[in-house]
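Notes to accompany the following structure.
The values are calculated or read from the model by the stated rules, or taken from the named source; none is laboratory data. Since the model is a prediction, treat every value here as computed from it, not as a measurement. Glycine gets a Cβ as well: all are built from the backbone with ideal geometry, and neighbour counts include every protein chain shown. With ligands, DNA and RNA removed, areas are computed over all heavy atoms of the protein, side chains included. Shrake-Rupley method; radii C 1.70, N 1.55, O 1.52, S 1.80 Å.
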Amino acid sequence: MKLSESWLRTLVNPKLSSEELSHLLTMAGLEVEGLDPVAPQFNDVVVAHVLEVVKHPDADRLNVCKVDTGRGEPTTIVCGAPNVAAGLRVPCALPGAQLPGDFTIKIAKVRGIESSGMLCSAKELGIAEEASGLLILPGDAPVGQSIREYLDLDDNLFELKLTPNRADCLSLLGIAREVGAITGAATSLPVVPEE
């Protein structure tokens with residue numbers, strides 16, 4: 001069973017590091033098989049608003065986009081994604097960004113037009129195996145906010161190996177109750193209204 005550490009900590013938040021919590025769960029009989037980050041490390045990727053999209057004058061499959069990255073003046077970015085369109089909110093890697101795979105974003109000329117960043121798919125951010133285009137975000141995503149913060153990518157996944165006698169821990173609430181019991185931390189479990 002896999003569960004989000006940040007989601008678990010909304011229900012019970014002992015003053016333990018991720019590794020200490022992992023060890024404590026294992027010692028309590030809930031073997032932690034894995035403790036992995038939700039996403040690989042990357043930086044300088046923000047929520048951007050695509051303001052304008054026009055065909056690149058010298059390339060059939062490229063578009064020249066005006067993008068608001070929340071950093072002042074709109075930025076020009078050349079993009080080859082098939083689903084780019086004006087009005088979208090998408091992740092944008094700013095110049096200097098380090099993406100998974102040791103890939104650094106630089107200001108570059110693409111077929112004669114300067115591109116100051118890269119609009120990203122989920123695959124380019126390392127959060128999906130495949131992608132057919134840009135990662136489209138909700139229309140209310142705050143422009144300029146770090147995509148790691150917006151998508152809560154600084155989280156960990158616990159992978160638990162549960163034995164048949166621990167059916168009480170087959171849910172996040174069950175794990176939260178167990179963590180509360182073994183650490184003494186207060187639990188904040190949701191209340192289901194009676195009808």
Suppose the filter is farther than 23 Å from residue 140 by Cα, modelled with pLDDT of 90 or more and not in a strand (DSSP E or B); does residue 95 pass it?
yes
Return yes when residue 86 is hydrophobic (A, V, I, L, M, F, W, C) and either closer than 30 Å to residue 6 by Cα or surrounded by 15 or more Cβ atoms within 10 Å (Cβ to Cβ) (or both) and no when it is not.
no
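For (1) closer than 30 Å to residue 24 by Cα; (2) in a loop (DSSP other than H, G, I, E, B), each residue gets a yes or a no:
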residue: 106; (1), (2): no, yes
residue: 139; (1), (2): no, yes
residue: 153; (1), (2): yes, yes
residue: 168; (1), (2): yes, no
residue: 176; (1), (2): yes, no
residue: 179; (1), (2): yes, no
residue: 189; (1), (2): yes, yes
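Of all residues in region 155-166, how many are assigned to a loop (DSSP other than H, G, I, E, B) and surrounded by 13 or more Cβ atoms within 10 Å (Cβ to Cβ)?
Going through region 155-166, the residues assigned to a loop (DSSP other than H, G, I, E, B) turn out to be 155, 162-166.
So of that shortlist, the ones also surrounded by 13 or more Cβ atoms within 10 Å (Cβ to Cβ) come out as 155, 162, 166.
Count: 3.
Suppose the filter is surrounded by fewer than 17 Cβ atoms within 10 Å (Cβ to Cβ), under 21 Å from residue 171 (Cα atoms), acidic (Asp, Glu) and under 19 Å from the mean Cα position of the chain (by Cα); does residue 36 pass it?
Details: surrounded by fewer than 17 Cβ atoms within 10 Å (Cβ to Cβ): yes; under 21 Å from residue 171 (Cα atoms): yes; acidic (Asp, Glu): yes; under 19 Å from the mean Cα position of the chain (by Cα): yes.
For residue 36, the condition - surrounded by fewer than 17 Cβ atoms within 10 Å (Cβ to Cβ), under 21 Å from residue 171 (Cα atoms), acidic (Asp, Glu) and under 19 Å from the mean Cα position of the chain (by Cα) - is met.
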State which residue pairs qualify: first residue in contact (Cβ under 8 Å) with a residue 60 or more places away in the chain and inside region 60-78, second residue surrounded by fewer than 20 Cβ atoms within 10 Å (Cβ to Cβ) and outside any loop (DSSP other than H, G, I, E, B) in any location, beta carbons under 9 Å apart, and separation of 6 or more residues or different chains.
68/51
If I filter region 44-53 for residues that are in contact with an Asp or Glu (Cβ under 7 Å, 6 or more places away or on another chain), under 30 Å from residue 4 (Cα atoms) and in contact (Cβ under 8 Å) with a residue 12 or more places away in the chain, do I get at least one hit?
yes
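Listed here are the residues, each with its yes/no results for (1) open to solvent by 80 Å² or more (accessible area, probe 1.4 Å); (2) part of a loop (DSSP other than H, G, I, E, B); (3) in contact with an Asp or Glu (Cβ under 8 Å, 6 or more places away or on another chain); (4) β-branched (Val, Ile, Thr).
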position	(1), (2), (3), (4)
126	no, yes, no, no
131	no, yes, yes, no
173	no, no, no, no
182	no, no, no, yes
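Working carefully through the options 127, 182, 175, find the one that is closer than 30 Å to residue 63 by Cα and hydrophobic (A, V, I, L, M, F, W, C).
Values: 182 fails: closer than 30 Å to residue 63 by Cα; 175 fails: closer than 30 Å to residue 63 by Cα.
Answer to the check: 127.
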Pairs under 8 Å by beta carbon, first residue free of Cβ contacts under 8 Å to residues at least 40 places away in the same chain and of a type in the set (Asp, Glu) in region 101-115, partner open to solvent by 80 Å² or more (accessible area, probe 1.4 Å) and not in a strand (DSSP E or B), six or more apart or different chains?
114/107
Yes or no: region 45-59 includes at least one residue that is touching a Phe, Trp or Tyr at 6+ places or on another chain (Cβ under 6 Å), of a type outside the set (Asp, Glu) and at pLDDT 95 or above.
yes
